[in-house]
1. Given the convex hull over the Cα atoms of the stretch 16-79, what projected area results after averaging over all orientations, in nm²?
2. At 222 nm, what helix-only mean residue ellipticity would the chain give, in deg cm²/dmol to the nearest 500, using -39500 (n - 2.57) for each DSSP H run of four or more?
3. Work out how far the C-alpha atoms of the stretch 162-218 reach from end to end along every principal axis, then list the three figures in whole Å, largest first.
4. Rank by packing, highest mean first: peptides 102-115, 35-48, with packing defined as the count of other Cβ atoms within 10 Å averaged across residues.
5. Using a simple charge model, +1 on the beta-carbon of Lys and Arg, -1 on the beta-carbon of Asp and Glu, nothing else, what dipole does the stretch 41-111 show about its Cα centre, in debye to the nearest 20?
6. Over all directions, how big on average is the projection of the convex hull of the alpha-carbon atoms in the stretch 67-176, in square nanometres?
7. At a temperature of 20 °C and a viscosity of 1.002 mPa s, determine how fast the stretch 1-110 diffuses translationally according to Stokes-Einstein, using the Kirkwood radius over alpha-carbon pairs as Rh; express D in µm²/s, rounded to the nearest whole number.
8. Of the options I75, L56, L91, report the single residue whose Cα projects farthest towards the positive end of the charge dipole of the chain (beta-carbon charges: Lys, Arg +1; Asp, Glu -1).
Amino acid sequence: MTFEGEYNMKLIMLGAPGAGKGTQAQILSEKFGIPSISTGAIIRGAIKNETPTGKLAKGYIDKGELVPDQVVIGIIKERLSEPDCKGGFILDGFPRTIPQAEALYAMGIEIDKVVDIEVDDDQIIKRLSGRRECPVCGATYHIENNPTKDGKTCDKCHAQLVTRKDDNPETIKSRLDVYHSQTEPLIEFYKGKGNLLEIDGGKTLSEATEDILKALSD
Ligand code: AMP
């Protein structure tokens, strides 16, 4: 499969928490040799390092709420100005609101494709409950759908996997509510721009990857 414009490809991964955005972004990042940028991972790093941004964001992330637009827009502006983004990038978890999407346009960034991974809420709840994360490199796994080789440690850096603090039943519910009210309107927004690819994320991980690659090459 060949990809026209494979280089300098600018992608957005859209979808509910747990839809598989991060996992698919990691796969595409390796395939295309462009960075996958997760605002959630950047924010968790800032919280761990107790930076001013981390301190501000902690209350929101713990409750499953969105961090204010201006804070996240600042984070993404800084990250996209780094040299590794010159050849393209994949945004995982940004934008999550219409003002964030508008801010990307205001930065003069032209997105090639928006990959919307669709999964129903019942499946999302099951997926998030079984999700595990590497605290060192941020790679994500699932105890059944995408386990590590030994079921306990990260395949890449061998750190002991952890369950994210916001992957608990109560916070999962508020994150889903936030997704439906604040992020889902982006589907219509990008449909209107003509660059939305709708992917059935209810399939297996590798089937969804195949569908994404096919949609990107069409
Ligand atoms: P994620 O790792 O993408 O599931 O993000 C985890 C949490 O980080 C979210 O529940 C939000 O609290 C925060 N977050 C990540 N990305 C954004 C964003 N684009 N806008 C606002 N909050 C965000």
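1. Details: hull surface 19.4 nm².
About 4.8 nm², averaged over all directions.
2. On the way: 9 runs with 96 residues, N = 218.
So the calculated ellipticity at 222 nm is -13000 deg cm²/dmol.
3. Sorted from largest, the Cα extents of the stretch 162-218 read 40, 28, 16 Å.
4. Working: 102-115: 15.6, 35-48: 19.6.
My ranking of the peptides, most packed first, is 35-48, 102-115.
5. Values: 9 positive and 10 negative charges, 49 e Å.
Using only the charged Cβ atoms, the result is roughly 240 debye.
6. Values: hull surface 33.9 nm².
Average projection, Cα convex hull of the stretch 67-176: 8.5 nm².
7. Working: Rh = 14.6 Å.
Rounded, D is 147 µm²/s.
8. L56
No lab work stands behind these numbers, since they all come straight from the coordinates. Keep in mind that this is a model prediction, so the values were computed, not measured. Methodologically, a virtual Cβ is constructed for each residue, glycine included, from the backbone with ideal geometry; neighbour enumeration extends over all protein chains shown.
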